[in-house]
Amino acid sequence: ETRLATKILGSKVNHFLQFEVGTLHSSNSALASRFTNVFEKAVPDVVFLPFMLDNHADHIAISRAFAKSYKQNPVDCLVYAYPVWGTLMPNVVSDISSVWEDKKRAIECYKSQTATRDYVKMASSISQFWAIVKGKNIEYAETFFKATAKEYISLVKRVL
């Protein structure tokens, strides 16, 4: 599912960490170790990850593991944390109107997830909400909480 979605989105370099859905919250050390290995090979300028307060245990675990990995190997990058299971108060709102159809097709690749919930409708609704908030004739908007890795890790430590 993810390979097909990344192809639709045009992502050429992807790192699959080989964890089953629903297991990340119990695999923090292993996940942190895999992050460290990836970051040693490909030092990122930007890391995208689910926002630390997202309403899913695996999404929270990703921020915890990122913090643990950062302690072992402090990467100097920007973090763009995004919401999945809710909204966040963003400090970046980006117009995605021109690529909405690609995002929709990428979401539809996740048959195992979309079988139980209408993620396209959820993503569309949130994107349209933020487009209205942002204004200026935007049809769809994507939101992020942007911070340096150091700032994000500091927040993770205080909040989680």
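The values are calculated or read from the model by the stated rules, or taken from the named source; none is laboratory data. For clarity, every value in this text was computed on a predicted model and none was experimentally measured. When we count neighbours, we look across all protein chains shown, and the Cβ atoms used for this are built from the backbone with ideal geometry, even at glycine. To get the accessible areas, we keep the full protein, side chains included, count just its heavy atoms, and leave off ligands, DNA and RNA. Shrake-Rupley method; radii C 1.70, N 1.55, O 1.52, S 1.80 Å.
Considering only DSSP beta bridges whose two residues both sit in the chain, what percent are antiparallel, to the nearest 5?
60
Using a ≥ b ≥ c from the Cα gyration tensor of the stretch 66-152 (square roots of the eigenvalues), is it rounded, prolate or oblate, where a/c under 1.5 gives rounded and otherwise the larger of a/b and b/c decides, a/b for prolate?
oblate
I want the local charge near Val46. Using Cβ-Cβ distances under 12 Å, sum +1 for each Lys or Arg and -1 for each Asp or Glu among the other residues.
-1
Could you give the C-alpha radius of gyration of the stretch 1-124 expressed as a fraction of 2.2 N^0.38 Å, taking N as the number of residues it contains?
1.09
Based on Cβ point charges of +1 for Lys and Arg and -1 for Asp and Glu, what charge dipole magnitude is obtained for the chain about its Cα centre, in debye rounded to the nearest 20?
240
What is the percent carbon and sulfur in the accessible area of the stretch 1-140, measuring with a 1.4 Å probe over the protein chains and ignoring ligands?
Percent of accessible area from carbon and sulfur atoms in the stretch 1-140: 53.
Counting Lys and Arg as +1 and Asp and Glu as -1, what is the net charge of the other residues whose Cβ lies under 9 Å from the Cβ of Tyr140?
With Lys, Arg at +1 and Asp, Glu at -1, the neighbours total -2.
So what is the relative contact order of the chain, in percent, for Cα pairs below 8 Å that sit 6 or more residues apart?
Reported as a whole number, the value is 27 percent.
What is the calculated FRET efficiency for Asp45 to Lys136, with r their C-beta to C-beta distance and R₀ = 30 Å, to the nearest 0.05?
Numbers: r = 28 Å, r/R0 = 0.93.
For R0 = 30 Å, the calculated efficiency reads 0.60.
Just the number please: accessible area per residue for the chain, 1.4 Å probe, all protein chains included, in Å². Spell out each step's value before the answer.
Details: 9720 Å² over 160 residues.
Ligands and nucleic acids excluded, the result is 61 Å² per residue.
Could you let me know the centre-to-centre spacing of the stretch 89-131 and the stretch 20-60, using Cα atoms, in angstrom?
The stretch 89-131 and the stretch 20-60 have Cα centres spaced 21 Å from each other.
Any chance you could count the Lys pairs in the chain whose alpha carbons are under 20 Å apart, treating pairs 8 or more apart or on different chains as valid?
The number of close lysine pairs in the chain is 23.
Quick check: net charge around Glu101, other residues with Cβ under 13 Å of its Cβ, Lys/Arg +1 and Asp/Glu -1?
0
Provide, in order from the shortest bin, the percent of all Cα-Cα pairs of the stretch 1-68 in each 10 Å bin, continuing until the bin that contains the maximum pair distance.
19, 49, 32, 0
How many nm is it between the label spots at Thr116 and Phe129, if each spot is 7 Å from the Cα in line with the beta carbon?
With each label point 7 Å from Cα toward Cβ, the separation is 2.2 nm.
Compute the length gained on full extension between Thr2 and Arg158: take 0.36 nm times their separation in residues and subtract their Cα-Cα distance, giving the result in nm to one decimal. Present the calculation step by step, with values, prior to reporting the outcome.
Numbers: separation 156, 0.36 × 156 = 56.16 nm, distance 3.18 nm.
Difference between extended and current length: 53.0 nm.
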